[in-house]
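First the structure, in the form of structure tokens, and then the observations on it.
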Amino acid sequence: MSFLQLKSVSKRFGAIIAVDQVSLTVPAGNRTVIVGPSGSGKTTLLRLIAGFEAPDAGSIAMENNVLADGQNFIPAHRRGIGLVAQHGALFPHLSIADNIGFGLDHGADRQARILALMEMVELDSIMLHRRPHELSGGQQQRVAVARALARRPRLMLLDEPFSALDAGLREATRKSVSRVLTQAGITTILVTHDQAEALSFGDQVAVLRAGRVVQAGPPSELYFHPGDRETASFLGDVVVLRATFGDNFADCALGRVLADTAGHTGNGDIMLRPEQLRLSTAVAEGQVSPARVTAVEFGGSSCVVAVRLDGSDKPLTFRMSAFEAPEVGAGVRISVVGKAHIFGRSKA
Amino acid sequence: MAFLQRRTSSIAAPATGAAIVVSIAALVPLGFILWITFQTGWGTASALLFRPRVGQLLVNTTLLEALAVPLSVLLGVALAWLTERTSLPGARLWSWLAVAPLAIPAFVHSYAWMTVAPGWSGLPAAVSISVLAYFPFLYLPVAAQLRRLDPAVEEAAAALGLDPWRVFFRVVLPQLRFAICSGALLIGLHLLAEYGLYVTVRFDTFTTAIMDQFQSAFNGPAANMIALVLAIYCLGLLVLEQVLRGNARYARVGGGAARMPTPRQLGWYALPCLLLPLAITFLALGVPLLTLIRWLMIGGAGIWHAEVATAFMQTVLLAVVGGLLATITAMPMAWLSVRAPGRLAYILESCHYYVGSLPGVVVALALVTLAVHAFLPLYQTIATLLLAYLLLFLPRALVGLRSSVAQTPIELEEAAMTLGRSPWRAVLATTVRLAAPGAAASMALVGLGIATELTATLMLAPSGVETLATGFWSSTSELDYARAAPYAALMILLSLPLIFLLQAQSKRMAGR
């Protein structure tokens, strides 16, 4: 069941096309992540959904109500969509309680509701009368989430809300926000440029590039079966090798690896994620894959080992514990776990 | 109006409407002068324009600008460098004292000098007293900019082999260009508008000539023609400043906060260097204040008559109402120029600023002409006087408001909207609320401008309305210097907060 539906939405600013014919369907209760490099149009897309911008073309509908198309435009304050901005955008002149209660009516249960919301986002009630600047970055973001939740939105938009936080806090805040939203059963769209965040947060990930959705689907599908090389390397490290396709296998510098070769013949590129590669120093007599270690860089918990395959000038790099790292110059064998991916064969 | 389509906020349209109305209202008086000139006919107009008298005024005004502005630049930069970048003893105190002369209206400066040196008149007196009264307008932005310069840039220059003098001229001075240009423009415009000072030292400028025509002969066409020349001269200064300023940007490149500069150790030079702030403080503050105190003592209790109290009350009332009016009027433009900038917003903003840069005498004359020809009931009313204040001080209101609107992130307005507030209520709950301190500062700046305004008030105030400035002026015109002293003392007291405000603002700009 589609909850939010974008159909060929476009938006231009002068000569720049910020969002180009984007179509996207978000099911109810789903967590969708829009990920893309900076300048790819993520924030504009979010602002179109929120109602701060009107699309030049296309339509946006939520629960079968048109939010914006050629004729109609429902402004932000009548959409019932929650938004958490990058730095929280808390009102500096209001206390935490008044920030959270900003969208609430001045009814009898207001105070109780504010307290319930604070509890929901795990904020201590002693912060009730503090000002936003007296809170840490992570706490401010929780207030922003509570403030948006107060209106019981049907859709919550998160505009890189974790990017201003440092690494450890970032993950913890992300997890707790994600839990709160799931418990409340709110459909969520997160915008981020961080691929790790995108893959771990979303039920659905849409990759945006130059204003277009180049691929959308479940995170693992996108990660292991990206549509093209750019998407592949945006979502994580990749190893791309020339290969000759056979029947459900491909022959490459690593030897014969499994691959869905249906529809591919002759020569082409295959893609592997580095974590699919296993390095071992035990090279049995007569085995192929003659590869040599060219460099070992010590880095504390893990070492970076550079290995050069015969007939290839680009070294492969492996991360492994210093205890397992081979010597420079040692001959090594590389085995592959799982199947290699061939571009242009994305299932999504 | 492309920006109106881009922004879906339903506020941009009415705000633009309001700003257009204000801009047109601001341009009407000026347009009226042009129309009157046009009606006069080319023959009469050219006869009035191309005569020796106008030529002499042009030479006088140009000489004044050409001497007083560069001298103020020299003095302002030297003092700013000494107080901001060297180990000058008591630098903080000197920095306050360098701004303080602004609390004394220029015509009070000249009144003091007439007491001390009655024979000091003509161009030398006009230039020297102008510099003493107005150099803080240059000192302020230059000192603020010096505080913000990244010392790493100067160190880089030194590491590239430049000696301290060459570092100053090749690295520091170019970075001060914006500050110097804007300060010099402000002084240039004030010199064009100043009336009281030049009457006291018997030096004729366009402004004094217009007042002469207006007061003695009520010679409409002649006054109008000179006013037109003055308005064009003023436009010329604005253009000249734009050209000199260029469009290069001198922003600091790189992240993080700049280090505090290390003050240059003056060593034994500290003593001769101290002479400059000492002398300037004596001339620009000591002379006027000591003279004033002397007159107050000579006058005794007798000079504090009821008229002073009335003038004080009327001044405060006009300042408060005018400040409020100007701030409310500037609000749509301030919001527009920050939230929906574009070509139209830029043009509207220029209209707001241009009329404010015109001398009071031009604006007042335009309003008088307009009232006499078209709206006679408005002639010599408080409404016309307030309108003149509004037009003259609109830029002051706009500057403060604009920066506080700019400091309020638009995300707050948007957050309020996603929380169910309509766009109007969202702006009221966030931006307007948060811009309140800026609005208060704007009101104070406008109010203080009104409290010491002389020319337009002389021309437009209905009979019975006397401000501190006009009260002071009528007493000095009768050569009753003691009687004038209480008015001057009250004006200075009222203006003191302005100094705190300006100094605090320039420190805040540098984040200190």
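Calculate, axis by axis, the spread of Cα positions in chain B along the three principal axes, and write the results as whole Å, longest axis first.
Computed over the Cα atoms, the extents are 66, 65, 51 Å.
Amide H to amide H under 5 Å from A:HIS264: which residues, 5+ apart in sequence or cross-chain, H placed 1.01 Å off N in plane?
Amide H neighbours of A:HIS264, under 5 Å, 5+ apart: none.
Using the Cα atoms of chain A, I'd like the radius of gyration and the largest Cα-Cα distance, Dmax, both in angstrom.
Cα only, chain A: 24.6, 82 Å (Rg, Dmax).
Roughly what would the spin-label model give for A:SER125 and B:ASP163, points 7 Å off Cα along C-beta, in nm?
In this crude label model, A:SER125 to B:ASP163 measures out at 7.4 nm.
Spelling out what I want: for every residue of region A:41-46, take phi, set θ = phi - 60°, compute 6.51 cos²θ - 1.76 cosθ + 1.60 (Karplus), and round to whole Hz; glycine and proline get x.
x, 4, 5, 4, 4, 5
Per DSSP H run of n ≥ 4, the term is -39500 (n - 2.57); total these for the protein assembly as shown, divide by its residue number, and report the mean residue ellipticity at 222 nm rounded to 500 deg cm²/dmol. All intermediate terms of the calculation are to be shown ahead of the outcome.
Details: 34 runs with 454 residues, N = 860.
Computed ellipticity for the protein assembly as shown at 222 nm equals -17000 deg cm²/dmol.
Pop a pseudo-label 7 angstrom from the Cα along the beta-carbon direction at both B:ALA66 and B:ALA309 and give the gap in nm to one decimal.
Here the modelled spin labels are 5.3 nm apart.
Determine the gain in length on full extension of the stretch B:LEU276-B:ARG53; use 0.36 nm per residue of separation and subtract their C-alpha separation, reporting nm with one decimal.
Working: separation 223, 0.36 × 223 = 80.28 nm, distance 3.89 nm.
Working it through step by step, the gained length comes to 76.4 nm.
Can you give me the span-like helices of chain B, meaning DSSP H runs with 20 Å or more of Cα extent along the axis and Kyte-Doolittle mean at or above -1.0?
Numbers: long enough: B:12-40 (41 Å, 1.69); B:52-85 (48 Å, 1.04); B:177-193 (24 Å, 1.73); B:220-245 (37 Å, 1.58); B:306-339 (49 Å, 1.39); B:343-357 (21 Å, 0.23); B:382-406 (33 Å, 1.70); B:436-451 (22 Å, 1.59); B:481-509 (41 Å, 0.89).
Those that clear 20 Å and a mean of -1.0 are B:12-40, B:52-85, B:177-193, B:220-245, B:306-339, B:343-357, B:382-406, B:436-451, B:481-509.
Which of A:HIS87, A:HIS133, B:HIS109 has the fewest other C-beta atoms within 10 Å, and how do the rest follow up to the most? The partial results should precede the final answer.
Working: A:HIS87 17, A:HIS133 8, B:HIS109 27.
Exposure proxy ranking, most exposed first: A:HIS133, A:HIS87, B:HIS109.
For region B:339-390, what does the alpha-carbon gyration tensor say about shape, rounded, prolate or oblate, given a ≥ b ≥ c as the root eigenvalues, a/c under 1.5 as rounded, and a/b over b/c as prolate? If you can, show how the numbers build up before the last one.
Working: a/c = 2.81, a/b = 2.42, b/c = 1.16.
It comes out prolate by the Cα gyration axes.
Near the amide H of A:LEU155, under 5 Å away, which other amide H atoms are found, from residues 5 or more places off or on another chain, if H is placed in the peptide plane?
A:GLY82
Which shape class, rounded, prolate or oblate, goes with region B:1-156 when its Cα gyration tensor gives a ≥ b ≥ c as root eigenvalues, a/c under 1.5 marks rounded, and past that a/b bigger than b/c marks prolate?
On the way: a/c = 2.49, a/b = 1.15, b/c = 2.17.
In terms of gyration-tensor shape, oblate.
Going by Cα centres, region B:397-443 and region B:107-151 are how many Å apart?
37 Å
For the protein assembly as shown, just run the numbers: alpha carbon Rg, then divide by 2.2 N^0.38 Å, N being how many residues it has.
Values: Rg = 35.7 Å, N = 860, 2.2 N^0.38 = 28.7 Å.
Ratio of Rg to 2.2 N^0.38 Å for the protein assembly as shown: 1.24.
For region A:142-155, just list the computed ³J(HN,Hα) in residue order, Karplus coefficients 6.51, -1.76 and 1.60, θ = phi - 60°, integers in Hz, with x standing in for Gly and Pro.
Coupling constants for region A:142-155: 5, 4, 4, 5, 4, 4, 6, 5, 4, 8, 6, x, 8, 9 Hz.
For region A:76-213, just list the percent of Cα-Cα distances falling in each 10 Å bin from zero outward, please.
Cα pair-distance distribution for region A:76-213, in percent: 12, 44, 34, 9, 1.
Could I have the simple spin-label model distance between B:THR86 and A:ASN267, label points 7 Å from Cα toward Cβ, reported in nm to one decimal?
Computed distance between label sites B:THR86 and A:ASN267 equals 7.6 nm.
Can you give me the long-range amide H partners of A:VAL213? Hydrogens built in the peptide plane at 1.01 Å from N, cutoff under 5 Å, separation of 5 or more residues or another chain.
HN-HN under 5 Å from A:VAL213: A:SER23.
Taking beta carbons within 10 Å but only from partner chains, what does the mean come to for residues A:83-90? Present the calculation step by step, with values, prior to reporting the outcome.
Details: counts 6, 2, 6, 1, 2, 2, 10, 3.
For peptide A:83-90, the averaged partner shielding equals 4.
Where a number appears in this text, it was derived from the coordinates with a stated rule and is not lab data. In this text the structure is predicted, and so the values were computed from the model without any measurement. Heads up, the Cβs are rebuilt from the backbone with ideal geometry, glycines too, and the neighbour counts pull from every protein chain shown.
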